[in-house]
Structure formats: C-alpha cells, structure tokens
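Inspection log for the structure reproduced underneath, given as structure tokens.
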Amino acid sequence: MYHYKEVKKPNRFLGKLFLALCRKYLNYKVKIHIEKNDTKKLFPPYLVLGNHVTYWDPFLVNMFLDEPMCYLAAAVYFRNPILRYFLNSAGSIPKKKFMTHYSPIKRLLKAKENGRILGIFPEGERKWDGTTDEMVFHSTAKIIKKLNVPVVTVTIKGGYLAYPRWARVSRKGKVNLSYQLCFTKEETQRFSLEEIEKRVREQLEHDEVAYQRKTYNRYVGKNLAESLEHLLYICPQCHSFNSLVSQGNRLTCQKCQYGIIYNQYGFLDAIRKKLYFDNLRDWNRWQNQFLRELIVNKIKKHQAKVILEDSLVDILQGTFEDAFQKMGEGRLWLNEKGLHFTIEEGMKYRFKLEHITGLNVQFHAVLEFNYKEDIFRFHFQNPHISAYKWVQAIHYAKNEMTMIINKQLEVPRKLDACM
C-alpha cells in the first residue's frame with residue numbers, strides 16, 4: 001500500500017530550489033510571458049484553478065507562485081516510484097474515483113489548515129484539440145464553497161500548441177499565462193453555487209484556434225505531425241477509420257491518399273488542392289459528430305452487432321496498489337451490449353457499459369478505465385491506432401443505451417399514472 005505524506009508546507013529552501021529548476025527547464029522549452037498575476041497580492045492559503053492543456057501545466061502554473069503548490073494529481077502518476085517521490089515531496093493529493101481511504105477533499109482541507117497554496121485543474125484531463133469543453137463545474141463550485149479561501153484562475157494560452165496532447169515531442173513557442181483573481185474569500189460565501197460555477201467557466205474558457213488566429217505565433221520543432229493520428233482517426237474524404245498515418249510534418253490517408261501538412265502555426269495546409277479543415281479543432285468536432293451519428297444509427301436500426309473493433313490488442317489488468325499484468329492478446333470490439341475482448345486462446349471479457357468509469361487515454365495511446373474494483377488497460381500494437389477514438393465511441397454508446405433504457409422505463413410510469 002502506498003503511503004502519502006502529510007500536506008504540510010514544504011521546506012522553504014527546497015521549495016525555492018524546486019521552483020528555480022522548473023523555471024530554468026520550462027524557460028528553455030518555451031517562451032513564457034505573464035500577462036497578469038493577481039497572486040502577488042495574496043497570501044496562502046488560496047486556491048488556484050487552471051485550464052488543462054499540457055503535461056507541464058502544474059509546473060507552468062507553479063513557476064510564478066511563491067512556493068510549491070499542493071494540487072490534485074491523477075492517481076496513475078503515484079504508481080511510478082520516482083514520480084511518487086516528487087509528488088509526495090510537494091504534498092500532492094492523489095485523485096481517483098474509487099479511492100476511499102485518502103479522500104481528496106479532506107486532504108485539501110488539511111492543506112488549507114497548513115497554509116498551502118492549493119491547485120486544481122477542473123477539466124480533469126488535458127484537452128485533445130486545445131478547446132475548453134462545455135463542461136459542468138458544479139463539483140468545483142462546491143469545493144470553492146467548502147474551502148472558503150480566495151480563488152485565482154490561470155488561463156494558459158499557447159500551451160497546447162507548444163505541446164499538443166497527441167504529440168510525443170514539444171515545440172518551441174510562446175506561452176502566455178494570466179493569473180486573475182476570481183473570488184475573494186468573502187465572495188465564495190456570498191455567491192450562490194450557480195454564480196460561482198458560471199464565473200469559473202467564463203474565466204477558464206479558452207479556444208486555442210481562435211487565440212492563434214489573432215496572435216499567429218510560431219511553434220518550431222521537428223516532425224510536427226508525428227502521432228497526429230492519435231487525435232485524428234477518420235479521413236474526411238473517404239470516411240475510413242485507422243487509415244491516417246503521420247510522417248514528418250504530414251498526415252496522409254493510406255486508402256484515398258488525402259493528406260495535410262501541419263505547419264509551424266498549428267494550422268493545416270493541403271498537400272493537394274482539397275482542404276477540408278484548416279485546423280484540428282474543426283476536424284475533431286466533425287469526426288466526433290460522424291462517429292456519434294454512426295453509433296446512434298446502428299443501435300437504433302439494430303445493426304450494432306459490431307460497432308467498432310481493432311485486433312492485435314494487449315489487455316492488462318491491475319489495481320491502484322498492484323502493478324499491471326498482461327492477460328493476453330486479442331480483439332477489442334464494441335456493441336450495444338458492452339465492450340468485449342476476445343483473447344486468441346478463447347478467453348472472453350465483457351465489460352458492461354454502465355460499470356465502466358474513469359474512461360481515459362494514458363501515455364498518448366493507451367486506453368484505460370476502471371471496472372468495479374479493477375483497472376484495465378489496452379495497448380494497441382499498431383502505433384497508428386487512436387485510443388481517443390475508443391474513448392469517444394464507448395462514451396457515445398453508453399449515452400445512447402442509457403437514453404434507450406430511460407425511455408423504456410418511462411412507458412410503465414405513464415401507464416401507471418393513467419390507471
């Protein structure tokens with residue numbers, strides 16, 4: 001069992017050293033500019049909320065604060081002994097839905113008592129296309145009420161272009177940070193949950209494409225399109241899945257030869273005459289809508305025996321406390337009854353959609369989710385397969401089946417009401 005350190009204030013000297021190293025490394029990687037910093041007027045404890053676009057976000061945000069921040073970190077990072085040491089040194093709080101012994105809220109309250117700077121990324125995961133989701137911040141509003149401390153929002157602009165979630169390497173370019181006081185301590189108690197939620201959403205909202213159309217900053221690097229197929233999984237010309245392959249600055253469909261060049265400004269240029277989308281956001285929105293409609297139509301027309309499938313997939317099983325172990329190699333497929341995995345030897349796994357939680361992508365292209373008390377991971381042997389595609393597909397299938405079940409339950413209720 002992992003043991004977590006108390007969320008006390010870190011040693012002042014070690015804290016300053018840690019922040020100095022962060023500044024040195026990140027200033028080497030990107031060009032950082034501070035637009036505004038309202039934290040200069042604040043003294044801990046206070047809460048920092050940020051939009052989430054890169055691996056670096058906790059360190060980027062922390063660079064311009066006076067001491068290491070105590071932030072909620074994904075529990076997956078605590079499985080690595082080296083990362084766990086640094087996370088524990090900063091008093092980070094592991095966050096996982098099935099964790100009961102180490103309640104994140106209780107630890108946040110303890111950190112507040114110890115005068116810490118608290119940090120949360122409400123979106124929960126890095127964005128795939130640089131755009132803040134139209135998400136609900138209701139749980140964040142509740143935390144703000146409970147903590148009763150000043151709240152600062154940090155908007156990271158250009159971070160996605162410097163290190164896109166789908167990319168394996170970063171690129172050199174400008175990243176702007178803006179630290180804005182969102183609520184005073186008094187306002188957190190005076191405002192309603194709905195008012196708090198609305199203001200947090202407004203201050204964290206960011207669209208990297210719209211931002212880049214105004215600023216047109218350059219982001220320089222090698223092989224800029226490498227691994228872009230981890231985000232883009234449908235060709236807009238022939239509508240085929242798993243056919244897009246990246247090389248250098250290019251992404252090309254192996255079926256119809258449609259292709260684009262990802263340029264230094266984060267926009268797309270046509271290899272030939274036709275260009276369906278000049279940016280990743282619009283391509284991503286189109287493909288997700290295409291996938292959703294495909295799944296909904298198959299389920300409604302009872303053609304959902306196999307909605308989606310990929311072969312040459314490794315299945316791994318573990319828990320938060322136990323290491324992952326490979327259970328076999330086989331075929332992953334989705335239908336209206338759930339997610340299925342068939343091992344070559346004949347063993348079958350079936351995951352009911354309603355029991356799948358914590359659905360996400362780890363390490364660029366590893367599908368992961370919680371199923372009851374276990375965690376399952378799926379490694380795709382084909383490096384061009386998108387795990388993000390599977391996250392979206394499972395999400396859409398789960399939503400559609402929930403709607404169908406709810407409609408079926410409404411009929412008896414209406415009959416009972418009429419009798």
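The values are calculated or read from the model by the stated rules, or taken from the named source; none is laboratory data. Keep in mind the model is a prediction, meaning the values are calculated, not measured. Please note: Cβ atoms are built from the backbone with ideal geometry, for glycine as well, and neighbour counts cover all protein chains shown.
So how many residues does segment 114-136 have that are touching a residue at least 40 places away in the same chain (Cβ under 8 Å), over 13 Å from residue 53 (Cβ atoms) and either in a strand (DSSP E or B) or among the acidic types (Asp, Glu) (or both)?
Selection size over segment 114-136: 4.
With respect to residue 370, determine if the residue is within 16 Å of residue 396 (Cα to Cα) and among the polar types (S, T, N, Q). Quick ask: steps written out before the conclusion?
Numbers: within 16 Å of residue 396 (Cα to Cα): no; among the polar types (S, T, N, Q): yes.
So residue 370 fails the test.
Out of (1) in contact with a Lys or Arg (Cβ under 6 Å, 6 or more places away or on another chain); (2) within 18 Å of residue 57 (Cα to Cα), what's the single condition that is false for residue 45?
The failed condition is (2).
Which helices (runs of 4 or more DSSP H) sit wholly inside segment 169-267 and have at least 1 residues that are under 30 Å from residue 38 (Cβ atoms), modelled with pLDDT of 95 or more and of a type in the set (Phe, Trp, Tyr)?
Of the helices (runs of 4 or more DSSP H) lying wholly inside segment 169-267, those with at least 1 residues that are under 30 Å from residue 38 (Cβ atoms), modelled with pLDDT of 95 or more and of a type in the set (Phe, Trp, Tyr) span 208-215.
Please state which of the following conditions residue 387 fails to meet, knowing it meets all the rest: (1) under 17 Å from residue 308 (Cα atoms); (2) without any contact (Cβ under 8 Å) to a residue 60 or more places away in the chain; (3) of a type outside the set (Ser, Thr, Tyr); (4) in contact with a strand residue (DSSP E or B) (Cβ under 7 Å, 6 or more places away or on another chain).
Against the list (1) under 17 Å from residue 308 (Cα atoms); (2) without any contact (Cβ under 8 Å) to a residue 60 or more places away in the chain; (3) of a type outside the set (Ser, Thr, Tyr); (4) in contact with a strand residue (DSSP E or B) (Cβ under 7 Å, 6 or more places away or on another chain), residue 387 comes up short only on (2).
Matching residues to (1) modelled with pLDDT of 90 or more; (2) aliphatic (A, V, I, L, M); (3) under 22 Å from the mean Cα position of the chain (by Cα); (4) in the same structural domain as residue 147 (by TED's automatic domain parsing):
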site	(1), (2), (3), (4)
50	yes, no, yes, yes
61	yes, yes, yes, yes
65	yes, yes, no, yes
68	no, no, no, yes
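Filter segment 283-311 down to the residues that are over 25 Å from the mean Cα position of the chain (by Cα) and part of a helix (DSSP H, G or I), then identify the one that is farthest from residue 261 (Cα to Cα).
300
Among 169, 175, 209, which is crowded, with 20+ Cβ neighbours inside 10 Å and assigned by TED's automatic domain parsing to the domain that holds residue 37? Spell out the reasoning first.
On the way: 169 fails: crowded, with 20+ Cβ neighbours inside 10 Å; 209 fails: crowded, with 20+ Cβ neighbours inside 10 Å.
On inspection, the qualifying residue turns out to be 175.
Just a yes or no: is a residue in segment 94-115 aromatic (Phe, Trp, Tyr), touching a strand residue (DSSP E or B) at 6+ places or on another chain (Cβ under 8 Å) and at pLDDT below 85?
Yes, segment 94-115 contains at least one residue that is aromatic (Phe, Trp, Tyr), touching a strand residue (DSSP E or B) at 6+ places or on another chain (Cβ under 8 Å) and at pLDDT below 85.
Within segment 43-57, can one find any residue that is surrounded by fewer than 23 Cβ atoms within 10 Å (Cβ to Cβ) and of a type in the set (A, V, I, L, M)?
The answer is no; no qualifying residue exists.
Can you tell which of 154, 149 is at pLDDT 70 or above, in contact with a strand residue (DSSP E or B) (Cβ under 6 Å, 6 or more places away or on another chain) and part of a loop (DSSP other than H, G, I, E, B)?
Result: 149 is the single residue among 154, 149 that is at pLDDT 70 or above, in contact with a strand residue (DSSP E or B) (Cβ under 6 Å, 6 or more places away or on another chain) and part of a loop (DSSP other than H, G, I, E, B).
Output the residues belonging to segment 223-240 that are over 22 Å from the mean Cα position of the chain (by Cα) and within 17 Å of residue 277 (Cα to Cα).
235, 236, 237, 238, 239, 240
Looking at segment 283-312 only, could you name the residues that are modelled with pLDDT of 95 or more, surrounded by fewer than 16 Cβ atoms within 10 Å (Cβ to Cβ) and of a type in the set (D, E, K, R)?
If the condition is that a residue be modelled with pLDDT of 95 or more, surrounded by fewer than 16 Cβ atoms within 10 Å (Cβ to Cβ) and of a type in the set (D, E, K, R), then 285, 293, 309 are the ones that fit.
Condition check ((1) out of contact with any Leu (no Cβ under 9 Å at 6 or more places or on another chain); (2) over 21 Å from residue 95 (Cα atoms); (3) touching a residue at least 24 places away in the same chain (Cβ under 8 Å)) across all residues:
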| site | (1), (2), (3) |
| --- | --- |
| 303 | yes, yes, no |
| 308 | no, yes, yes |
| 314 | yes, yes, yes |
| 334 | no, yes, yes |
| 346 | yes, yes, no |
| 356 | no, no, yes |
| 359 | no, no, yes |
| 392 | no, yes, yes |
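Could you check segment 33-60 and list, in sequence order, the residues that are of a type in the set (A, V, I, L, M, F, W, C), within 30 Å of residue 361 (Cα to Cα) and not in a loop (DSSP other than H, G, I, E, B)?
Once the filter is applied, which keeps residues that are of a type in the set (A, V, I, L, M, F, W, C), within 30 Å of residue 361 (Cα to Cα) and not in a loop (DSSP other than H, G, I, E, B), segment 33-60 yields 47, 48, 49, 59, 60.
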